[in-house]
Amino acid sequence: MEILKSQREVELMRRAGGLVHRVLDAIEQAVRPGVTTGELNALAERMIAAAGATPLFKGVRSAHAKVPFPAALCTSVNEQVVHGIPCDRSLAEGEIVSVDCGVRLDGYCGDAARTYAVGRIAELPRRLLAATRGALEVAIAEVRPGRRWSEVAAAMQAHVEAAGFTVVREFVGHGIGREMHEDPKVPNYADRGTRRGDFTLRPGLVLAVEPMVNVGKARVKYGDAVGWVVVTQDGSLSAHFEHMLAVTPTGCRVLSNGR
């Protein structure tokens with residue numbers, strides 16, 4: 001059951017989202033050939049601690065994983081879709097890295113993600129990033145009270161597929177508030193299956209909308225020994241962008257853009 005947020009709660013979530021925005025801005029400045037994903041995580045952990053917040057992902061358990069998630073950031077490189085674990089791997093010129101950051105500040109969650117180019121990248125990954133970011137922008141433009149989520153998701157999917165890419169189905173967005181994952185589930189595509197869980201957008205609903213888009217086929221699999229890192233099944237590149245969106249009486253407010 002969806003949990004509607006008061007204006008006070010939305011403002012607290014905007015503050016948490018603002019911290020995530022600042023962390024992701026700092027990561028953007030730090031991403032370059034030769035930097036390690038572990039160094040990016042250390043930067044995020046320092047910023048989160050200095051703000052009096054706690055990392056949202058660190059210590060989270062999963063039925064698929066043998067260990068709790070060990071870091072503040074998910075850093076997913078190239079064919080890694082989500083849940084990449086920061087380590088001593090150095091980023092190389094031409095790669096892409098998706099960085100997902102979550103915090104808890106004053107009891108409320110903030111969550112957002114961006115995919116960054118490492119130095120100069122080729123045309124195909126550049127188009128992938130543009131299409132994935134564009135799908136999120138479609139959602140921001142389409143969200144308003146009274147709409148069914150399936151209408152928004154269908155528009156996102158159409159945008160991605162028109163660019164020649166595919167939408168990941170196994171991982172979707174979610175409601176967010178005091179907890180990172182609240183109802184409802186928020187798919188980035190629409191079909192007969194998703195319409196069974198469809199819902200109407202109402203003022204006070206806050207959603208973490210996070211399109212994950214592949215160059216190749218949509219299927220994914222677990223790609224590491226501990227059961228966290230998700231990769232494309234065919235080894236193709238993947239990108240990920242995310243914002244927290246609050247449904248307002250007149251439309252949509254982005255809570256994780258620093259405004």
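For segment 203-247, compute the orientation-averaged projected area of the C-alpha convex hull (one quarter of its surface), in nm².
Numbers: hull surface 16.3 nm².
So the mean shadow area of the Cα hull is 4.1 nm².
Tell me the relative contact order for the chain as a rounded percent, counting alpha carbon contacts under 8 Å between residues six or more apart. Walk me through the intermediate numbers first.
Working: 665 pairs, mean separation 63.8, N = 259.
Answer for the chain is 25 percent.
Suppose each label sits 7 Å from its Cα in the direction of the beta carbon; what would the ASP25-HIS181 distance come out to in nanometres?
Between ASP25 and HIS181, the label points sit 3.1 nm apart.
Please pull out the direction-averaged projected area of the chain, using the convex hull of its alpha-carbon atoms, in nm² to one decimal place. Walk me through the numbers on the way to the answer.
Values: hull surface 50.4 nm².
That works out to 12.6 nm².
Considering every Cα-Cα pair within segment 105-259, what fraction, in whole percent, is farther apart than 29 Å?
On the way: 1909 of 11935 pairs.
That fraction is 16 percent.
What does the C-alpha gyration tensor say about the overall shape of segment 174-228? Classify as rounded when a/c is under 1.5, otherwise prolate if a/b is larger than b/c, or oblate.
Details: a/c = 2.45, a/b = 1.45, b/c = 1.69.
Oblate shape, in that a/c is at least 1.5 and b/c is the bigger or equal ratio.
Enumerate the amide H contacts of LEU237 below 5 Å, restricted to partners 5 or more residues apart or on another chain; note that Pro and chain-start residues carry no placed amide H.
Amide H neighbours of LEU237, under 5 Å, 5+ apart: VAL215, GLY216.
Roughly how large, in nm² to one decimal, is the mean projection of the convex hull of the alpha-carbon atoms in segment 72-132?
Numbers: hull surface 19.3 nm².
That works out to 4.8 nm².
Dipole of segment 7-254 (Lys/Arg Cβ +1, Asp/Glu Cβ -1, origin at the Cα centre): which of VAL60, LEU128, VAL186 lies farthest to the positive side?
VAL186
Could you give the size of the charge dipole of segment 158-197 about its Cα centre, using +1 on the Cβ of each K and R and -1 on the Cβ of each D and E, expressed in debye and rounded to the nearest 20? Walk me through the intermediate numbers first.
Numbers: 6 positive and 6 negative charges, 32 e Å.
The calculation lands at about 160 debye.
Percent of Cα-Cα pairs more than 22 Å apart in segment 30-106, please. Numbers along the way, then the final one.
Working: 676 of 2926 pairs.
Result for the distance tail: 23 percent.
So how far apart, in nm, are the two label points at ILE3 and ARG133 if each is 7 Å from Cα heading toward Cβ?
The answer from the label model is 3.3 nm.
Coordinate-derived values only; no laboratory data. Owing to the predicted nature of the structure, the values given are computational and were not obtained by experimental measurement. With ideal geometry, Cβ positions are generated from the backbone for all residues, glycine too; neighbour counts draw on all protein chains shown.
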